[in-house]
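Working notes for the structure below.
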Amino acid sequence: AAKEITAKPYVYFNSKLSERLEERMSIEKRFPHALENNEFILHYQPKYTTEGKVVGMEALVRWLDPIVGVINPAQFISVAEETGFIVELGTWVMYEACRQNQAWQNQDLLPIPVSVNVSAIQFVHPNFVNSVEDILLKTGLDPRFLELEITESLLIDVDHIISKLQKLKALGVSISIDDFGTGYSSINYLKDFPVDTLKIDRTFVMNVPENERDAALLNSIMQLGRSLGLTILIEGVETKEQLQFFKEHGGDLIQGYYFSKPLTKFKMSQLLLTK
Ligand code: C2E
Ligand code: MG
Ligand code: MG
Ligand code: MG
């Protein structure tokens, strides 16, 4: 009887769900063509010191669909992860970010590192370290100019994750923990991971400084990171008051609309030219 029920899953479908599934399948089908047709592009969001000096940038992928227009990662990254396409897409993103960074340096523009988001699925792929090494070789980028942003979901007590991070560090690239504080992780493991920067998620800064409890929480997360010797970056800073709070409490780096939204590569080139 159980078999009969599982053989008829459509019984549970409602029209909303099937609509979503259709949308999902069409995205899935379009991925390979989108990559072949160069429909993915990178935007770059500058990273600043609390004094307002540009010291880095994060590459953020967008899908430029000829019909729909710009599609943001929130609308396709999870589908790409579920289908495994993220490995191919992530490789393209890393290659393009490194190639562009090297091109800017060749043009004598301000040399600052680029950070690339790495999905957990991409990271655990057996070929990941090789592909990073390969991209660095092909683009000629000095590894000091590449940072990998991984999420907390990888902060689990698995030896092979630590050893993979050590291999990446040995290549000379930097590692940051993205969206810190939002995922499931054991803070206890943080000390065992060879990471350089803690990127505190923007949800922790949203109501600061007016909400005292939020301010206290943000301050203690910053202290935690500092006590482990990590660089502290805060995401999503939108106001002068947030910047001020972060600065007063010893934060290092800022990424957020207060200083700059993500920029097209042309706008980023201009920024690097004027600095
Ligand atoms: P993320 O890595 O945490 O990137 C920061 C996101 O916050 C970006 O959204 C950025 O535009 C947004 N943001 C920055 N400053 C502010 C601010 O002051 N206020 C607000 N409200 N938002 C701000 P975006 O570009 O839509 O990317 C969303 C997420 O998609 C990223 O979050 C990242 O998790 C994922 N993503 C983007 N590109 C890639 C990629 O190439 N590979 C993978 N695996 N994931 C990516
Ligand atoms: Mg990121
Ligand atoms: Mg983030
Ligand atoms: Mg975030």
In region 209-252, residue nearest to the chain's Cα centre (by Cα) [restricted to those that are among the acidic types (Asp, Glu), surrounded by 13 or more Cβ atoms within 10 Å (Cβ to Cβ) and over 15 Å from residue 196 (Cα atoms)] = 235
request  = Exactly one condition in (1) closer than 30 Å to residue 100 by Cα; (2) crowded, with 21+ Cβ neighbours inside 10 Å; (3) without any contact (Cβ under 8 Å) to a residue 60 or more places away in the chain is not met by residue 255; state its number.
outcome  = (3)
ask   = Given the conditions (1) within 16 Å of ligand 3 (Cβ to nearest atom); (2) closer than 18 Å to residue 175 by Cα; (3) out of contact with any Gly (no Cβ under 9 Å at 6 or more places or on another chain), and given that residue 73 satisfies all but one, which numbered condition is not satisfied?
value = (2)
message = Of everything in region 151-195, what is within 14 Å of ligand 2 (Cβ to nearest atom) and closer than 28 Å to residue 134 by Cβ? Give them in sequence order.
response = 151, 152, 153, 154, 174, 175, 176, 177, 178, 179, 195
remark   = Within region 250-275, residues being part of a loop (DSSP other than H, G, I, E, B) and either basic (Lys, Arg) or modelled with pLDDT of 95 or more (or both) number 11
ask   = How about region 173-208: which of its residues are among the small types (Gly, Ala, Ser), more than 13 Å from ligand 1 (Cβ to nearest atom) and surrounded by 13 or more Cβ atoms within 10 Å (Cβ to Cβ)?
value = 174, 185
query = Which pairs have Cβ atoms under 6 Å, sit 6 or more apart or on different chains, and link a residue in region 125-152 that is closer than 24 Å to residue 198 by Cα and without any contact (Cβ under 8 Å) to a residue 40 or more places away in the chain to one that is of a type in the set (Ser, Thr, Tyr) and within 16 Å of ligand 1 (Cβ to nearest atom)?
reply = 152/185
key: Members of region 192-216 that are of a type in the set (Val, Ile, Thr) and either more than 16 Å from ligand 3 (Cβ to nearest atom) or in a helix (DSSP H, G or I) (or both)   = 203, 208
ask   = Quick one: how many residues across region 143-167 are away from ligand 1 (no atom under 16 Å from the Cβ) and either assigned to a helix (DSSP H, G or I) or modelled with pLDDT of 95 or more (or both)?
value = 12
ask   = Which helices (runs of 4 or more DSSP H) does region 33-127 wholly contain that include 2 or more residues that are more than 29 Å from residue 245 (Cβ to Cβ) and hydroxyl-bearing (Ser, Thr, Tyr)?
value = 77-83, 85-106
query = Can you tell me which residue in region 170-180 is farthest from residue 222 (Cα to Cα), limited to those that are of a type in the set (Gly, Ala, Ser) and in contact with a strand residue (DSSP E or B) (Cβ under 6 Å, 6 or more places away or on another chain)?
reply = 174
key: residue 44 vs. criteria crowded, with 20+ Cβ neighbours inside 10 Å, closer than 27 Å to residue 154 by Cα and within 14 Å of the chain's Cα centre (by Cα)   = yes
request  = Could you grab the pairs with beta carbons closer than 8 Å, sequence gap of 6+ or different chains, first residue in region 183-195 and farther than 14 Å from residue 229 by Cα, second one among the acidic types (Asp, Glu) and part of a loop (DSSP other than H, G, I, E, B)?
outcome  = 186/157; 189/157
query = For region 81-95, what are the residues that are within 15 Å of ligand 2 (Cβ to nearest atom), among the hydrophobic types (A, V, I, L, M, F, W, C) and out of contact with any strand residue (DSSP E or B) (no Cβ under 9 Å at 6 or more places or on another chain)?
reply = 86
key: Cβ pairs under 8 Å, 6+ apart, first in region 83-110 and in contact (Cβ under 8 Å) with a residue 60 or more places away in the chain and surrounded by fewer than 19 Cβ atoms within 10 Å (Cβ to Cβ), second outside any helix (DSSP H, G or I) and basic (Lys, Arg)   = 110/275
query = Between a first residue in region 111-124 that is surrounded by fewer than 20 Cβ atoms within 10 Å (Cβ to Cβ) and a second residue that is in a loop (DSSP other than H, G, I, E, B), which pairs have beta carbons less than 8 Å apart while being 6 or more apart in sequence or on different chains?
reply = 121/84
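The values are calculated or read from the model by the stated rules, or taken from the named source; none is laboratory data. Owing to the predicted nature of the structure, the values given are computational and were not obtained by experimental measurement. Cβ: placed from backbone, ideal geometry, glycine included. Neighbour counts: every protein chain shown.
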